[in-house]
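The values are calculated or read from the model by the stated rules, or taken from the named source; none is laboratory data. Bear in mind that the values here come from a model prediction, so they are computed numbers and not experimental data. Heads up, the Cβs are rebuilt from the backbone with ideal geometry, glycines too, and the neighbour counts pull from every protein chain shown. Side chains included, ligands, DNA and RNA excluded: accessible areas come from the protein's heavy atoms. Shrake-Rupley method; radii C 1.70, N 1.55, O 1.52, S 1.80 Å.
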Amino acid sequence: MRYYKFPKWSKRLYPEAIWDFSFLPGKSIYLTFDDGPEPGVTNFVLDLLDKFNAKATFFCLGEKVKEHPELYQEIISRGHSVGNHGMAHLNGLKTSNVKYWKDVKDASELIDSDLFRPAYGKIKSSQYKMIKEAGFKVVFWSAMAYDFDETLASEKRIEKMKALTFNGSIFVFHDNKKSFETLKNDLPQLMEWWKINEYTFKSV
């Protein structure tokens, strides 16, 4: 079963986390990209964002930043924001607090940001509290694009993302190899639709 958005009750588990920006005026959406930077894929995303004069937020993996520091700097130099996605994409529910914190802390030495997104959106309440106390702002999302799911038809994905669009919504895409074919097909169509419908693109 695909969970395109979090159930309402889950928000009570993580007080003060960021889920959307619907409380802000205007007509804007927030595109986020997880798991990069990845050569070729991240470059494609950056060029597409430039085409639409769009800003976005990249939640980077520490191990990828270590492998591709020049691409990480390219994200920043083009005016986008970055966030910490951990070092090695750990599932918090299956990881001890000590190991989880070390993963976040190691990534923070490579990623200069106070934004954090837990991999898979899975994090224990105790880990969440620990990360908040360290000064991070935890960012979840309003809509998961499932661009990594090759069994999901593009038409269905695109229509679902359109249906989940509202002022302040936060979308999750992935700048990794597994999602690349989907990104190339779906993201330009979606961005064109958002533009036609007068949405602006902002970074978190």
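Quick notes
- Sorted into 10 angstrom bins from 0, the C-alpha pair distances of the stretch 5-76 split as 16, 38, 30, 16, 0 percent.
- Solvent-accessible area assigned to carbon and sulfur over the chain amounts to 54 percent, based on a 1.4 Å probe.
- Shape box of the stretch 78-180 [Cα atoms, principal axes, largest first, Å]: 42, 30, 26
- Put a plus charge on the Cβ of each Lys and Arg, a minus charge on the Cβ of each Asp and Glu, and nothing anywhere else: the dipole of the chain about its Cα centre is then about 960 debye.
- Relative to the dominant Cα principal axis of the chain, helix 180-196 is inclined by about 60°.
- Listed by chain and number, the aspartates and glutamates placed with their C-alpha closer than 13 angstrom to that of K156 are D147, D186; residues fewer than eight positions away on the same chain are left out.
- At a probe radius of 1.4 angstrom, the accessible area of the chain per residue rounds to 48 square angstrom.
- Taking the charge dipole of the chain about its Cα centre, with +1 at Lys and Arg Cβ atoms and -1 at Asp and Glu Cβ atoms, the residue from W194, G86, M1 reaching farthest to the positive side is M1.
- Between 0 and 90°, nearest 10: helix 97-108 axis offset from the chain longest Cα axis: 60
- Lysines with Cα under 21 Å of K124, excluding same-chain neighbours fewer than 8 positions away: K5, K8, K11, K94, K99, K102, K105, K132, K137
- When you restrict to C-alpha pairs under 8 Å that are six or more residues apart and normalise by the size of the stretch 9-159, the relative contact order lands at 23 percent.
- When Rg and the Kirkwood radius Rh are both evaluated on Cα atoms of the chain, their ratio Rg/Rh stands at 0.94.
- Three-way shape call for the stretch 129-204 based on the alpha-carbon gyration tensor, with the a/c threshold at 1.5: oblate
- Rounded tilt (10° steps) of 154-163 against the dominant C-alpha axis of the chain: 80
- Here is how the number arises for the chain: DSSP H runs of 4 or more residues each give -39500 (n - 2.57), the sum is divided by the residue count, and the result at 222 nm is -11000 deg cm²/dmol.
- Dipole in debye (nearest 20) - the stretch 70-173, about Cα centre, beta carbon charges: Lys, Arg +1; Asp, Glu -1: 540
- Dipole axis of the chain (+1 Lys, Arg; -1 Asp, Glu on Cβ), positive-most option in Q127, L31, L71: Q127
- Nearest-0.05 FRET efficiency for E198 and S10, computed from C-beta distance (R0 35 Å): 0.70
- A simple charge model with +1 on the Cβ of Lys and Arg, -1 on the Cβ of Asp and Glu and nothing else charged puts the dipole of the stretch 119-173 at about 340 debye relative to its Cα centre.
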